[in-house]
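Novice: Dropping a structure here in structure tokens format, bear with me for questions.
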Amino acid sequence: MAFPDGFGWGAATAAYQVEGGWDADGKGPSVWDTFTHQGGERVFKNQTGDVACGSYTLWEEDLKCIKQLGLTHYRFSLSWSRLLPDGTTGFINQKGVDYYNKIIDDLLENGIKPIVTLFHFDLPQALEDKGGWLSETIIESFDKYAQFCFRTFGDRVKLWITLNEPNMFALMAYDLGRFPPGVPHLGTGGYQAAHNLIKAHARSWHSYDSLFRKEQKGLVSLSFFIAWAEPADPNSASDQEAAKRVMAFHLDLFAKPIFTDGDYPEGVKSQIAAMSTKQGYASSRLPEFTEEEKKMIKGTGDFFAVQYYTTCLARLKENKKGELGALYDAEVEISTDPSWVNLDWVYVVPWGIRKILKYVKETYNNPAIYITENGFPHSDLTSLDDTQRWEYFRQIFQELLKGIQLDEVNLKVYCAWSLLDNFEWTQGYSSRFGFFHVDFEDPARPRVPYSSAKEYAKVIRNNGLEGQK
Ligand code: GAL
């Protein structure tokens with residue numbers, strides 16, 4: 001029941017979800033500041049991350065939690081507009097630099113490795129005003145920001161995630177418009193953003209590779225949201241095709257260019273092109289990479305970062321009316337099994353993670369895999385006893401062990417989401433993913449461990465499930 005020696009155990013957070021201090025010490029506004037301040041019930045009870053867990057001033061409390069768990073890795077994100085208030089290196093906010101320096105130094109002093117995300121959904125508003133991820137100019141802006149971070153923190157940070165879940169982000173922010181800037185561009189915006197996100201990642205990877213790697217010796221990659229898709233009927237050839245399509249549209253569309261050959265999957269390209277023709281577009285709604293761009297994009301991931309929460313069932317469904325939207329292009333109907341327990345959008349299917357690890361191994365040439373997020377919300381908001389939730393984690397760890405031992409996947413690190421209860425995007429504070437409860441009514445924002453925190457600490461101490469039932 002033991003994990004390989006040196007296996008990494010972490011927990012993750014993200015700047016906007018925990019920091020607060022939204023305008024403290026010269027921080028510029030991000031799109032999430034704008035979006036939440038506009039109200040309009042797009043976020044649960046119009047809640048905001050203005051204060052959140054207060055981690056901007058309470059970092060030392062977070063460190064206590066991290067030490068209590070005994071984490072070997074801590075994953076957090078940098079707020080771009082805290083460092084560069086207008087998104088450009090024209091003005092650097094030293095107070096922001098100091099804040100992250102302190103976090104990094106404290107972690108290292110305690111033997112904890114930082115995994116640092118450069119972009120976790122909170123674009124500086126000033127860059128959104130110039131078109132955000134829909135505009136090609138973002139590529140240069142992101143690369144400059146990334147270089148600034150490598151230069152400033154890279155002497156100590158060795159594990160970088162450029163973009164958090166670009167696949168989920170492009171869909172939510174620019175196709176559906178449910179995340180800021182909040183304007184839907186059904187069927188076009190998601191792909192346009194995807195195109196720029198992929199190029200921006202690749203550019204910054206090259207910057208690291210040519211300017212910093214030799215000296216800093218770190219690794220740079222990006223993390224994907226991966227929901228496993230299972231055929232609704234495992235014996236149906238058409239359902240099998242449906243499940244493959246879901247993986248292709250949601251994961252491979254982003255991962256194949258970066259980890260394989262610089263280009264989108266053929267099946268996805270032809271499907272979107274055909275659908276676009278049917279809808280009267282002169283060309284495909286999915287942009288094309290030039291040959292030069294393909295060369296630039298190919299091979300720009302130093303490890304494969306997986307974020308797993310949920311699984312779905314897939315069945316083909318013709319888009320007869322030609323409905324517009326990235327979610328309709330695959331012509332697949334998504335459902336879930338009535339026997340699966342769910343907490344909001346998370347269906348508890350521990351075996352889905354093993355299937356994903358195997359899929360990544362087989363599709364992407366056995367890369368080193370880091371799980372940079374996985375978790376479940378706590379169902380009972382009134383209790384610190386989350387025994388039930390811990391049972392889900394335990395089952396996940398068993399599946400990881402099967403993946404490592406039976407499928408021989410090269411899994412290096414596991415990070416749970418999340419260290420703390422936090423601002424869960426459009427769900428505000430109604431969804432609790434932390435190992436530590438945070439009281440958002442109390443100005444002191446006390447952190448109190450759930451029962452699962454003790455259990456996770458035990459797993460980390462034993463490097464596995466040893467001694468547990
Ligand atoms: C992920 C996201 C995290 C967190 C998590 C749980 O998609 O990266 O920031 O919110 O979902 O909802």
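Novice: What's the number of the only condition in (1) of a type in the set (Phe, Trp, Tyr); (2) more than 22 Å from ASN374 (Cβ to Cβ); (3) within 16 Å of the ligand (Cβ to nearest atom); (4) crowded, with 18+ Cβ neighbours inside 10 Å that PHE44 fails to meet?
Specialist: (4)
Novice: Have a look at SER204, SER238, SER210 and point out the one that is without any contact (Cβ under 8 Å) to a residue 60 or more places away in the chain and in a helix (DSSP H, G or I).
Specialist: SER210
Novice: Next question. Which condition breaks for PHE440 when tested against (1) within 27 Å of ILE161 (Cα to Cα); (2) aromatic (Phe, Trp, Tyr); (3) within 16 Å of the ligand (Cβ to nearest atom)?
Specialist: (1)
Novice: Now for a different question. Please go through segment 212-239 and pick out each residue that is more than 20 Å from the chain's Cα centre (by Cα), closer than 19 Å to VAL349 by Cβ and buried (at least 17 other Cβ atoms within 10 Å of the Cβ).
Specialist: Within segment 212-239, GLU230, PRO231, ALA232, ASP239 meet the criteria.
Novice: Right, another one. Only one of (1) within 16 Å of the ligand (Cβ to nearest atom); (2) open to solvent by 10 Å² or more (accessible area, probe 1.4 Å) is not met by SER55, so which one is it?
Specialist: (2)
Novice: Looking at segment 305-346, which of its residues are over 23 Å from GLN192 (Cα atoms), more than 16 Å from the ligand (Cβ to nearest atom) and in contact with a helix residue (DSSP H, G or I) (Cβ under 6 Å, 6 or more places away or on another chain)?
Specialist: Answer for segment 305-346, where residues must be over 23 Å from GLN192 (Cα atoms), more than 16 Å from the ligand (Cβ to nearest atom) and in contact with a helix residue (DSSP H, G or I) (Cβ under 6 Å, 6 or more places away or on another chain): ALA314, ARG315, LEU316.
Novice: Restricted to segment 397-412, and to residues that are touching a helix residue (DSSP H, G or I) at 6+ places or on another chain (Cβ under 6 Å) and assigned to a helix (DSSP H, G or I), which residue is nearest to the ligand (Cβ to nearest atom)?
Specialist: Restricting attention to segment 397-412, the residues satisfying the condition of being touching a helix residue (DSSP H, G or I) at 6+ places or on another chain (Cβ under 6 Å) are 399, 402-403, 407, 409, 411.
If we keep only those that are assigned to a helix (DSSP H, G or I) as well, we get 399, 402-403.
On the way: GLU399: 19, LYS402: 24, GLY403: 21 Å.
The residue in question is GLU399.
Novice: May I pose another question? Please name all residue pairs, on different chains or six or more residues apart, with Cβ atoms under 9 Å, provided the first residue is in segment 432-450 and is more than 14 Å from VAL18 (Cβ to Cβ) and open to solvent by less than 30 Å² (accessible area, probe 1.4 Å) and the second residue is part of a loop (DSSP other than H, G, I, E, B) and polar (S, T, N, Q).
Specialist: Taking only residues 6 or more apart or on different chains, the pairs are TYR450/SER383.
Novice: Of all the strands (runs of 3 or more DSSP E) wholly in segment 304-386, which have at least 3 residues that are surrounded by fewer than 23 Cβ atoms within 10 Å (Cβ to Cβ) and touching a strand residue (DSSP E or B) at 6+ places or on another chain (Cβ under 7 Å)?
Specialist: So the answer is 311-316, 332-335.
The values are calculated or read from the model by the stated rules, or taken from the named source; none is laboratory data. None of these values were measured; they are calculated from a predicted model. Because the Cβ atoms are built from the backbone with ideal geometry, glycine has one as well, and the counts that use them run over all protein chains shown. Side chains are part of the model used for accessible areas, which takes the heavy atoms of the whole protein and leaves out ligands, DNA and RNA. Shrake-Rupley method; radii C 1.70, N 1.55, O 1.52, S 1.80 Å.
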